Amino acid sequence: MKAGIIGFPGSGRDTVFRALTSLPAQSGLNRERVGEALVDDPRLNWLSDLFKPKKHTPARVDLVSVRPQAQNAKEALKLSLDKVRECDVLLIVARNFPFPGSEDPNPLAEAREIFSEFLVSDYVTVEKRLERLAEEKKRGKKNDPAELELLNLAKDMLENDVPLKNEKRVVEAPFLRGFGFFSAKPALVIANGPDSGGPLVESAGPLRCLNLRGNLEAEIGRLEPEEAKEFLADYGLGEPAGARVVKTIFDMTDLISFFTVGEDECRAWTLSRGEDALAAAGKIHSDIKKGFIRAEVVSFADFEDCGGFAEAKKRGLFRLEGKTYVVADGDIVHFRFNV
């Protein structure tokens, strides 16, 4: 899962990136920063406490942030979009803090303006593709009726300011995925507020919103874990910024976590809700998927109640499942395979 961070200059994109990744500040434009936001999952923490593995690997979202050099804010946004087209999720950073010489912050208006750019960009992409298909038809090449139908549907939606994510057929069509339509992607508005917190921004319409105190939370992210927990509690934040954003992304995109455990590593793996054991095996390694035999499965709740493998097996809570088993959130899975 990869998320792209975008926003107008002055919104605090780099500050939010640092809050989510705990990476230090960097200066300069025309650069791309890559980091990751981790999920502090109490279930995985419990498993690691039990197994004492060499590696503890939580679920994560890879983050991409760009700060292009441009003549104006609109041009900067367009250049940013080019860099995040391949991302699965878009994080729209909107200013929610006062700034000397600037108008009062209006993060939802700012976010809506950016979302409108998504629609415009997608419309241009659809128009260009339809023009190309028309030219190919003139040269005697037969168009794919299914693609033509969905492109015309997408054009009608965009002309009426309807995001493409509202039409499942457009989102899931294999021959359209390569276009990277922005309005087909899940989008989360991050209202970047002052250290004092300021007024909270509520989600509106198709835009879901999460409030962060970017500068404050970036500084907390640089502290040692125990010290950071104290500061988070003092400011009523509960969890680090990265964990809150990742959990929101998981909820928006209907993702779940399953676990593999042992003395070498306890790890959380990300899977779409409804995917089967074969897909889960492929997340770990293509050889496991290729040579899949069975999956040994126990729910985390049952495993925790038993306190370990021995008691769980004694109670008959381990199950052998086949390729079509739908993996549930929190499943602990061991794959049997042969290649």
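Just so you know, all these numbers are worked out from the coordinates, no wet-lab data involved. All of these numbers come straight from a predicted model, not from anything done at the bench. Note that we place each Cβ from the backbone using ideal geometry, even for glycine, and neighbour counts take in every protein chain shown.
For segment 31-141, lysine pairs with C-alpha atoms less than 21 angstrom apart, excluding pairs fewer than eight positions apart on the same chain, total 6. The phi torsions of segment 189-202, fed into the Karplus equation with coefficients 6.51, -1.76 and 1.60 and a -60° offset, translate into couplings of 7, 9, 7, 8, x, x, 4, 6, x, x, x, 7, 9, 8 Hz, rounded to whole numbers, with Gly and Pro shown as x.
Springs join every pair of Cα atoms under 10 Å in this Gaussian network model of the chain, and among 13, 67, 31 the largest mean-square fluctuation is at 31. With θ taken as phi - 60° and the Karplus curve 6.51 cos²θ - 1.76 cosθ + 1.60 applied, the whole-hertz 3J(HN,Hα) list for segment 297-308 is 10, 9, 6, 4, 4, 5, 5, 5, 4, 7, x, x Hz, x standing for glycine and proline.
Going by Cα centres, segment 253-270 and segment 129-148 are how many Å apart? If we compute the Cα centre of each part, the gap is 45 Å. Among 38-48, 56-66, sorting by the average number of other beta carbon atoms lying within 10 angstrom of each residue, highest first, gives 56-66, 38-48. Less than 5 angstrom separates the built amide H of residue 293 from those of 336, 337, 338, all sequence-distant by 5 or more or on a different chain. Distance from the C-alpha centroid of segment 286-339 to that of segment 89-118: 46 Å, rounded to the whole angstrom. Label positions at residue 309 and residue 85, each projected 7 Å from the Cα along the C-beta direction, are separated by 4.8 nm.
The residues neighbouring residue 56, those whose beta-carbon lies less than 10 Å from its own, together hold a net charge of +2 under the Lys/Arg +1, Asp/Glu -1 convention. Amide H contacts of residue 299: 332, each under 5 Å away and 5 or more positions distant or on a separate chain (H built 1.01 Å from N in the peptide plane; Pro and chain starts excluded). Comparing mean-square fluctuations of 249, 114, 284 from a GNM of the chain with C-alpha springs under 10 Å, the top value falls on 284.
Based on Cα contacts under 8 Å between residues 6+ apart, the chain shows a relative contact order of 20 percent. Sequentially through segment 239-244, phi angles give Karplus couplings (6.51, -1.76, 1.60; θ = phi - 60°) of 10, x, 4, x, 5, 5 Hz, Gly and Pro residues having no value and appearing as x. Sorting the segments 87-96, 175-184 by their residues' average number of neighbouring beta-carbon atoms within 10 angstrom, most packed first, yields 87-96, 175-184.
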